[in-house]
Amino acid sequence: MATIKDIAERTGFSAATVSRVLNHDETLNVQDETRMKIFDTARELQYQARERKSRKRHLTVGVYYSYSREEELRDTYYLTVRLAVEKKLEAENMERCQIQNLEELKKNGFYEHCDALLAEKSKKIGREIKRTDIIRSFDEPIGTNGSIAILRGNLAPEGCVIKHTACPKAMFKATLTARPFDCEEDAIDAILHGRIHPGDAVFIRYEGPRGSGMPEMFYTGEAICSDPTLASSVALITDGRFSGASRGPVIGHVSPEAAAGGPIALVEEGDIIELDVEARRLEITGVKGEHKTPEEMDAILAERKANWKGFTSKYTHGLLKLYSQHAVSAMKGAYME
C-alpha cells in the first residue's frame, strides 16, 4: 500500500506538503496545479487515507480518492461550505484591519506626504495634479459605460463578454476571418508558428463549463498581444474565460458553449465574422469569404447543426463528469443544475 512518503518521492514535494494537501488543508498556500498533481499521484498509487477526526469541528475528513461516491460528495460539499464561511470571516477581519490601517496612516502623516509628492510632480510637469486625477470621485468618472460589454448575435445568442477598455479602438468594428481550434493548445501552437495572420479571428472552443470546466485563456491572449502585427488586428473568441489581466480584443463566455451545441461549435475555417462593439454585435455573416444574407446564414448554420457530431467529455467519472453533464451556460452562472 502506498504511503505519504511514496507520493512525496514521486511528485517531488515534501511529505508535509503532501500530507496537508491530501487532508484538504485549505490554509496551505500552494497552487491548484500542485494539489491536482498530488491527488492524481495518490490515485495512481492507490493511496488509501486513514480517516481522522477534525479537532475543530469533530467531523471525519480525509482523501476523497479512498471514499465511496456518497462520502466523496458529502465531504466535497462540506469543504465548500467550510471555505465559504472561512472566506466570509477573512473578509470581515480584513475590513477591520483596513479601517485600523487608515487611522494609522492619518496619524503618521501619510496623506500629507502624498500631497507633497503631488505638488512636486505638478511643479515638474507644469500643471496641477489633484488626488482626484488619480482616484476619481463618483461624480467625475473616467468613463460612463463601464469596462465590459455584452455582445450578442447569431454566434452568441445568449451573449458573450468583451473587456472593451482593453480593446484597441481599431478593433471596435472589424470584419475578420474565422480560424477555429478545438482546444487552447492547438491555437497557441498556430500563433507561435506564424499560422495566424492580421485580420483573423482565432476561435478556441470546447473550453466552456461543460467542455473542460471553463479554464482561463490567458496565455493565448498574451501570445497575440506580444506580436505587434497581431495585437491590434486579431480577435480571440472563446467559450472559455479571461481574467482581469487580459488585454487586447478578447471575447469570452460565448454562450451557448460548443459542448452544448452552440453556434461557436459550427464555425468553420474561412467564415466571415463581424465584430461591432458599439452595436454590441458578434455575428457570422459569410462563408469562405462570401457574404450571405441573414436568412442564408440561418439555413447554413441549421445544416451544420444537423451534421454536428456532438461532444464527448474527457471526464469519465467523479464530480467532473457530473459537472460536464449538468453545467448551465456561462451567461447563466455555470452552476450545476
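The values are calculated or read from the model by the stated rules, or taken from the named source; none is laboratory data. Remember, predicted model here, so these are calculated numbers, not experimental data. Here the Cβ positions follow ideal geometry from the backbone for every residue, glycine too, while neighbour counts run over all protein chains shown.
Among the residues in segment 45-63, are any in a helix (DSSP H, G or I), surrounded by 14 or more Cβ atoms within 10 Å (Cβ to Cβ) and either at pLDDT 65 or above or of a type in the set (Ser, Thr, Tyr) (or both)? For segment 45-63, residues in a helix (DSSP H, G or I), surrounded by 14 or more Cβ atoms within 10 Å (Cβ to Cβ) and either at pLDDT 65 or above or of a type in the set (Ser, Thr, Tyr) (or both): absent. In segment 111-136, the residue that is farthest from the chain's Cα centre (by Cα) out of those that are in a loop (DSSP other than H, G, I, E, B) and of a type in the set (Val, Ile, Thr) is Ile129. Just name the residue that is surrounded by the most Cβ atoms within 10 Å (Cβ to Cβ) out of those in segment 108-157 that are among the polar types (S, T, N, Q) and at pLDDT below 90. Step by step, filter segment 108-157, then rank; the result is Ser147. Within segment 293-331, being charged (D, E, K, R) and without any contact (Cβ under 8 Å) to a residue 12 or more places away in the chain holds for Glu295, Glu296, Glu303, Lys309, Lys321. Checking the stated criteria, Arg210 turns out not to satisfy the condition of being under 30 Å from Thr293 (Cβ atoms), of a type in the set (Lys, Arg) and buried (at least 17 other Cβ atoms within 10 Å of the Cβ).
Residues in segment 262-285 that are within 13 Å of Ala178 (Cα to Cα), of a type in the set (A, V, I, L, M) and part of a loop (DSSP other than H, G, I, E, B): Val267 only.
Taken together, the residues in segment 261-284 that are of a type outside the set (D, E, K, R) and surrounded by fewer than 19 Cβ atoms within 10 Å (Cβ to Cβ) amount to 3.
Scanning segment 286-337 for residues that are among the charged types (D, E, K, R), assigned to a helix (DSSP H, G or I) and at positive phi yields no hits at all. Those helices (runs of 4 or more DSSP H) of segment 137-251 in which at least 1 residues are free of Cβ contacts under 8 Å to residues at least 40 places away in the same chain, of a type outside the set (Gly, Ala, Ser) and touching an Asp or Glu at 6+ places or on another chain (Cβ under 6 Å), considering only elements entirely within it, cover 218-225. Closer than 30 Å to Leu118 by Cβ, surrounded by 12 or more Cβ atoms within 10 Å (Cβ to Cβ) and aliphatic (A, V, I, L, M): is that true of Ala166 in this structure? Judged against the criteria, Ala166 is a match.
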